[in-house]
Amino acid sequence: MRILDRYLAGSVIGGTAVALGVLLPLLGFFILADEMGQVGVEHYRWQDALLVMALSLPRYAYQIFPIATLIGALVGLGALAGRSELVAMRAAGISVARIIGSGLLGGLLLAAVAVAVGEFLVPAAEQRAIELRRIAMSGDVAQQTPFGFWAVDDRAYVNIREILSGTSIKDIYIYQVDTTAGTLVATHAKGARYLNGEWVLEDIDRSRAGPEGVKVDHMERSIWGSMLDPGLLKVVVADPQVLPVWGLWKYIRFMTVNEQDASVYEVVFWGKVVYPLLTLSMVFVSAPILLGTARSRGIGSRIFVGVLVGVIYYVVSRTFTYMALLYDLSPFISAMAPPLLFIAGATLVLRRVG
């Protein structure tokens, strides 16, 4: 029976590899086409676009992996059904549950590989792509370090410790020399927002060091005449989808302590936690599609069904995501509901066909 388990699991893994081999080049083409639109901006060249495309592929592979697993299970196990091997297995006394269980073993290995890609390869590759875009589009005036984002802004040196979005930043340090007064000015602001085409600093402490000593002033708000482009900051910010689970957890705790809305990050966090179940549910969903009339279906029709089910799943999962964000639905429930609904639907169909 171990040989049979390996055979069925290998069919799922092989089919998934074929599906990824077809889908990833297509995705790479569209990513490259999108990046080519940036070629010519500052020092961004077509070689940079090609490298960014290659670095972006792990992220998209992680995102489409459950759909690829579904298509792979339909293709791999469907090939066995087309050669009547599944019929022979059932005639030999192998139950449908055993066949599905063997397929899920392959799905479990695929889920482990996908999680490893999402937790280790995707963050590193995405950060490298962000760094590449930043250097190409801003030259040497900006640099991302473990101590935040550094930039040269006219005659000032700016250190931003936390970039929430392209138009919202926190913990800003500005160092400059006032040549007229002959003083060194150090400014710290707890936050800043980009409003109506200009930066507005909030909760500011400004120190002036001169021959007569240090003078400290406090202001609630002040206009910051900075040349920093919000578009450049957006290039530096990583999408929550590409952060590892531990990184999301730390960021959620940080935002909670600072009384900020972390709902978006919580939804992404639970989505990543549930990700292995999602991959396994796709293998399970393939079972009722294969049974019954599986022999009469060609590979093209199986791929079409897999893509159709994948689109339906995407719509359902996005619906629950928006419900979590708009109607304060539990992020855990919004992440668990779609795979459980599909498993329940597949179970009902399995009961009818067999």
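The values are calculated or read from the model by the stated rules, or taken from the named source; none is laboratory data. Nothing here was measured: the structure is a model prediction, and the numbers come from that model. Cβ coordinates were reconstructed from backbone atoms using ideal geometry, including for glycine residues, and neighbour counts include every protein chain displayed.
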Problem set entry | Those residues of the stretch 35-47 which are among the aromatic types (F, W, Y) and surrounded by fewer than 18 Cβ atoms within 10 Å (Cβ to Cβ), in sequence order | W46
For this session: Identify the residue in the stretch 324-338 that is surrounded by fewer than 17 Cβ atoms within 10 Å (Cβ to Cβ) and part of a helix (DSSP H, G or I) and, among all such residues, is modelled with the lowest pLDDT.
Result: L325
Exercise. Among the listed residues L308, L326, which satisfies the condition of being under 30 Å from S95 (Cα atoms) and without any contact (Cβ under 8 Å) to a residue 60 or more places away in the chain?
Worked result: L308
For this session: Would you check which residues across the stretch 150-160 are modelled with pLDDT of 80 or more and surrounded by fewer than 17 Cβ atoms within 10 Å (Cβ to Cβ) and list them?
Result: Y157, N159
For this session: Just give me the residues in the stretch 191-225 being surrounded by 11 or more Cβ atoms within 10 Å (Cβ to Cβ), farther than 20 Å from I163 by Cβ and of a type in the set (A, V, I, L, M, F, W, C), in sequence order.
Result: A209, V214, M219
For this session: Answer yes or no as to whether G10 is touching a helix residue (DSSP H, G or I) at 6+ places or on another chain (Cβ under 6 Å), more than 24 Å from L243 (Cα to Cα) and assigned to a helix (DSSP H, G or I).
Result: no
Problem set entry | Criterion (in a helix (DSSP H, G or I), crowded, with 17+ Cβ neighbours inside 10 Å and free of Cβ contacts under 8 Å to residues at least 60 places away in the same chain) met by exactly one of L74, L27, L50, L32 | L27
Seminar exercise, completed: Out of (1) touching a residue at least 60 places away in the same chain (Cβ under 8 Å); (2) farther than 24 Å from V245 by Cβ; (3) surrounded by fewer than 16 Cβ atoms within 10 Å (Cβ to Cβ), the one G93 does not meet is (1)
For this session: Please go through the stretch 183-213 and pick out each residue that is out of contact with any strand residue (DSSP E or B) (no Cβ under 6 Å at 6 or more places or on another chain) and either of a type in the set (A, V, I, L, M) or outside any strand (DSSP E or B) (or both).
Result: L195, N196, G197, P211, E212
Exercise. Name the pairs: first residue in the stretch 213-229 and more than 19 Å from W199 (Cβ to Cβ) and without any contact (Cβ under 8 Å) to a residue 12 or more places away in the chain, second residue surrounded by 11 or more Cβ atoms within 10 Å (Cβ to Cβ) and among the hydroxyl-bearing types (S, T, Y), Cβ to Cβ under 6 Å, at least 6 apart or on different chains?
Worked result: V214/S207; V216/S207
For this session: Looking only at the stretch 54-64, decide whether some residue is in contact with a helix residue (DSSP H, G or I) (Cβ under 6 Å, 6 or more places away or on another chain), among the basic types (K, R) and either surrounded by 17 or more Cβ atoms within 10 Å (Cβ to Cβ) or in a helix (DSSP H, G or I) (or both).
Result: yes
For this session: Can you confirm whether the stretch 33-54 contains a residue that is modelled with pLDDT of 85 or more and closer than 20 Å to V285 by Cβ?
Result: no
